[in-house]
Amino acid sequence: MSGTPILLADSVTKRFGANQVLTRVSLPVTERDVVCIVGPSGSGKTTLLRCFALLEAPSEGRIVMQGVPIATANPDRQVKSAARAVRSDIGMVFQHFNLWPHMSVLENLIEAPMLVKKMPKDEAIAIAEGLLKKVDLSDKRDAYPARLSGGQQQRVAIARALAMSPKVLLFDEATSALDPELRREVLLVMRQLAQEGMTMLVVTHEMGFARHVGTRTVFMDRGEIVEEAPGASFFDAPKTERAKRFLQQFEDE
Amino acid sequence: MFKYQFRWDTVWGSFDFLMGGLEMTLIISAITLVLAMIGGLIIALLDMSRFRVLRWIGVSIGEIVRNTPILVQLLWVYYVLPIVFGIRIEALVALIIGLALYQAAFISEVYRSGIQGVPKGHREAAQVLGLTPIQSFRRIVLPQAIRMTLPPLASNFVQLIKFSSLGAVISVSEITRRGMELSATNFRPLETFTFIAVVYFFICWPLAMGIRFWERRLQAR
Ligand SMILES: Nc1ncnc2c1ncn2[C@@H]1O[C@H](COP(=O)(O)OP(=O)(O)OP(=O)(O)O)[C@@H](O)[C@H]1O
Ligand SMILES: [Mg+2]
């Protein structure tokens, strides 16, 4: 853990109209970090992740990548071009997969590398096939998303994000839309990525994953970071009353 | 009524004449559909434009056309446009313009709901992966939108086949007009118009059934 963080939320405030959803949130993410963000519903976890993904612009504060601002409240030309330059270095996996239904699995994977990176088709296919093997879906190469189970779709979505070789991968409740018996296959892929050193920012309700795979746990409530602790210590010794109350609902898991 | 002597031979005797009218009907409907698809695209683009004036024009055309009777619009195109522009418009051209404008207003809505029917998440996934808005529209939104708009466009074709009978009022020689002419000479409106209704039905009904089947298949995907 040294040097400038690869990705940083710098005192980010986000309002939707009069509704203030994030209040001066600062969160550095260093290389190989697996930051797990937990907290009650409506606490602003998704919004924070969407700010990192450049899907929402902060109302105040900045998103900074490797020292360069890529999102501000009033982005100037420099910030905008910096954002374009690092756009595909930040990947995101959505709760509802968001695979493109009119394309086969392989087409989903090669679309962005070919359009954005101008990669030749055979090279994109070679990379895609490698990634499908990694998420154990080689046999689904030519299937359409509607033919796959939720767990398979989410693994394709992860492979699609990896196809752009991002430096950071954001996960927004990647397993919440899945039946319990399908969650494991997705969590295993995520754990494998973490072990390979992928820098990850993971919003999750899977406390087991946060405890055993996360390097850091961030607890959010009402738009603020309330507590932050390395690895399992957040679960073993929560410091705040709010965190204790939050953790109680998982006790029988 | 029960003493009525059917004389279907008066219809069979003019079969070719009526079928020539049917051919006209189908040609008018096909040409009009193509024009209406283009017109609908223009109105939809105006509706979604960044510029307020263009949006206002698009919305106005749509609202006016959708909220006045199609027959009045046809009469307007046929009788008023020539006065305003000082040109003569052939009845056939007036019919095609009038019908195309009318259908374009509805087709623009079809396009719009097709585009808006593509979930926002699909575009966001493209955005995060680095696709530009134009790339995302062309590769992600449009192919899905087109698939959703095909059945409604086919339904519009069925509607056009029926609406084109209004051409009879401005003496366009499609099948309904020819029926009117025939019954004026053979004095057999019952046989003539029954035959014509049956012809319309057996063209429109299978098409409508096919479209319903097609839509259900698309929804199942
Ligand atoms: N686009 C938006 N417009 C207006 N309000 C929004 C928007 N997105 C989120 N919000 C509001 O922001 C607050 C935080 O939402 P957010 O989705 O970030 O919470 P969350 O922590 O991800 O919750 P959950 O665990 O239920 O997913 C909520 O009150 C929500 O209604
Ligand atoms: Mg959320």
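What follows draws every value from the coordinates through simple rules; no lab data is involved. Predicted model only: the values in this text are computed from it and were never measured. Cβ sites come from the backbone with ideal geometry, for glycine too, and all protein chains shown count toward neighbours.
Shape of chain A from its Cα gyration tensor (a ≥ b ≥ c, root eigenvalues): rounded if a/c is under 1.5, otherwise prolate when a/b > b/c, or oblate? All intermediate terms of the calculation are to be shown ahead of the outcome.
On the way: a/c = 1.84, a/b = 1.23, b/c = 1.49.
It comes out oblate by the Cα gyration axes.
For A:212, A:102, A:205, what ranking results if the residue with the fewest other Cβ atoms within 10 Å of its Cβ goes first? Mind showing how you got there, number by number?
Numbers: A:212 13, A:102 19, A:205 16.
Going from least to most buried by this count: A:212, A:205, A:102.
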Using a Gaussian network model of chain A with C-alpha springs under 10 Å, which one of A:177, A:128, A:161 is most mobile by mean-square fluctuation?
A:177
Dividing the mean separation of Cα pairs under 8 Å (6+ apart) by the residue count of chain A yields a relative contact order in percent of 25 percent
P(r) of region B:42-131 over all Cα-Cα pairs, binned every 10 Å from zero, in whole percent
16, 32, 29, 13, 8, 3
Mind checking the alpha-carbon convex hull of the protein assembly as shown and giving the volume per residue in Å³?
230 Å³
Taking each residue in B:116-129, count the Cβ atoms of any other chain within 10 Å of its Cβ, then average. What number comes out?
6
Taking the alpha-carbon centroid of each part, what is the distance from region A:23-43 to region A:134-185 in angstrom?
22 Å
Could you list which residues have their amide H under 5 Å from that of residue A:220, counting only those 5 or more apart in sequence or on another chain, with H placed in the peptide plane?
A:38, A:39, A:226
Highest-first arrangement of A:111-119, A:36-44, where packing means the average Cβ count within 10 Å
A:36-44, A:111-119
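When A:164, B:209 are ordered from fewest to most other Cβ atoms inside 10 Å of their Cβ, what list results?
B:209, A:164
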Quick one: among A:184, A:141, A:77, which has the greatest mean-square fluctuation in a GNM of chain A with alpha-carbon springs under 10 angstrom?
A:77
Whole-angstrom gap from region B:173-221 to region A:70-107, using each part's C-alpha centre:
52 Å
Estimated FRET transfer efficiency when R0 is 35 angstrom, pair residue B:41-residue A:84 (beta carbons, to 0.05)
0.70
Go through region B:48-56 residue by residue and turn each phi into a ³J(HN,Hα) via Karplus (6.51, -1.76, 1.60, θ = phi - 60°); whole Hz please, and just put x for glycine and proline.
9, 5, 6, 9, 4, 4, 5, 4, 4
Counting other Cβ atoms within 10 Å, which chymotrypsin sites (Phe, Trp or Tyr not before Pro) in region B:15-84 have at most 12 and lie in a DSSP loop?
B:51
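Compute the FRET efficiency between residue A:117 and residue A:77 as 1/(1 + (r/R0)^6), taking r as their Cβ-Cβ distance and R0 = 30 Å, and round to the nearest 0.05. Don't jump to the answer; show the numbers that get you there.
On the way: r = 24 Å, r/R0 = 0.78.
Efficiency, rounded to the nearest 0.05: 0.80.
With respect to the cross-link table entries A:80/A:117; A:134/A:167; A:14/A:80; A:117/B:120; A:80/A:167; A:45/A:244, which display a Cα-Cα separation exceeding 21 Å?
Values: A:80/A:117 19 Å; A:134/A:167 18 Å; A:14/A:80 19 Å; A:117/B:120 23 Å; A:80/A:167 19 Å; A:45/A:244 18 Å.
Check vs 21 Å cut-off fails for A:117/B:120.
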